[in-house]
Each structure stands twice: as C-alpha cells, then as structure tokens.
Amino acid sequence: MADPLGPLVPRPLRGLLGPLATSASGMARQQEFMSVIAENIANANTMRTAEGGPYRRQLAVARRDDATGQVTIDRVADAGEGRLVYDPGHPDADAQGYVRHPNVDMATEMVDLVMARRLHEANATAFQAAKAMLRRALEI
Amino acid sequence: MIKALFGTGTAPWRLRGGLAELSATHTAIATRLADGSRASSASSFADALGEAAGTAIGEQELLTNMASLADTQLRFEATARLLQRAYADLRVTMRNG
C-alpha cells in the first residue's frame, strides 16, 4: 500500500498517523470533487467562454503515484456535446437557428454531489474513529 | 518467570496482537473509503476514463464499510480496556509479590 504521509514523517510515527493521513487525504479529495461539481452547477447556463462556445462540464480525476503515495487531482473537460435548442432569436444561434447549450445535466451533478458528500462524511467518521483509537491506545 | 508474565500465549501478548490486528483492519477500511471514488462523477464519461470506473464505491459497500468501521472501533476499545486491566493486574502482582 502507498504511504500517504510522505518521506518526511519519522518511521515510528507512520503506523500511528497512517490512518489519519489516509482519511485526511480522502476528505481533501472529496472536497476538490465537490468544488468541481459546484463549478459545473454555477456554469450550467454559461453560453460563452474564453475558449469559445458554451461551457464544458469539468471532471476531477484523482491519480495516485504508487511510488510516492501522493495523490494528484487532474481536471478534464467532458467531451460530450450539450443539447441543441431551436431558438432563432438567440444571439448565439447558428445559421439554422439552433443554439448549443452547456453539457451540464443538473440531475447528474446533484447525484454526484450527494455521493461526494457521503464519501466526505465517511472519511470524516473514519478520521474521528482513528483519533479515538489513537487516544485510547495512549491511555493504556 | 518473566516469560510466564509477558511471553507468547499470555493474556497481554494475545491482547497486544489483537490491538495490532484491529489497527491494521482500521487502516484497510480507511484506505477503501479514501479510494472510494477516483473521479468527481460516476457518469458514463467518467466510466470511460478507465481507472475511475473500476474503483468507484457503491452505496451498499459504503454502508458495509461504515459498519465494519464501527465494529472495529468497538472491538479496539474492548481490547484496549482488557489490556489495560491485564497490565494493572501485573503491576499489582509485581508490587505485592
């Protein structure tokens, strides 16, 4: 299993702090996921972006380096196309009168948000449990 | 004499082993929860990202892991109390013996 503490933590502390670091890493990951989901929801109606065209849904993907145990989170744009709506009066309408909307589906985002929140809570509970166990072990 | 008090097979030795085992179990559960999802979405696009799809934790698995976590914590607490009692008994024995 990868070491989530990094090379700077002394060896005797690794066993004790390992579960805490693992849960903290899980919480940080879910927070980043929730931030990306919130950004998607906030831009669900953004029709123009600096890159041109409507907003493209973002996804956060965690990658773990097995050698160091470090987790990095990359952002990638969802390649799917948004829905086409016939609206000839819209300033962004094409020659046929269709407007391409952002590819953000609110229902999907809400489901993802609930899942991210659940996992964040689960990691927070695991962190509290590890803390309680560590404290109990120190009382022996 | 010392072996009879602290050696292999004695209560403190067994309880210490139990604590180490429960600690390892907790670490494994914490790792499973931390790796619960590798992408911010479980949609088909995220599935296409490969590794994200393979490790996503389901609702049922989440509940199972949380139940295991509570179970491990209670067992750890009970084992720690028993070990504390065993060490207290040993201290009394050494003081009065």
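Taken together, the values in this text are just the output of simple stated rules run on the coordinates, not laboratory data. Everything numeric in this text was worked out from a predicted model, so none of it was measured. No Cβ is skipped: glycine too gets one built from the backbone with ideal geometry, and neighbour counts run over all protein chains shown.
Structure values in brief
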{"quantity": "Cβ-based exposure ranking for B:77, A:109, in which fewest neighbours within 10 Å come first", "calculated": "B:77, A:109"}
{"quantity": "D (Stokes-Einstein, µm²/s), Kirkwood Cα radius, chain A, 0.692 mPa s at 37 °C", "calculated": "182"}
{"quantity": "Calculated from backbone phi, Karplus (6.51, -1.76, 1.60) coupling profile of the stretch A:59-66 in Hz, x at Gly/Pro", "calculated": "10, 9, 10, 8, 10, 9, 8, 5"}
{"quantity": "Counting all C-alpha pairs of the protein assembly as shown, share separated by more than 28 Å (%)", "calculated": "49"}
{"quantity": "Partner chain coverage, peptide A:18-28 - average Cβ within 10 angstrom", "calculated": "5"}
{"quantity": "Relative exposure of A:86, B:87, judged by other C-beta atoms within 10 Å (fewest first)", "calculated": "A:86, B:87"}
{"quantity": "Virtual spin-label span in nm between residue B:10 and residue B:89, 7 Å along Cα→Cβ", "calculated": "1.2"}
{"quantity": "C-alpha long axis of helix A:106-139 to longest principal axis of chain A, angle in °", "calculated": "10"}
{"quantity": "Degrees separating the helix A:11-42 axis from the principal Cα axis of chain A, which is the longest one", "calculated": "10"}
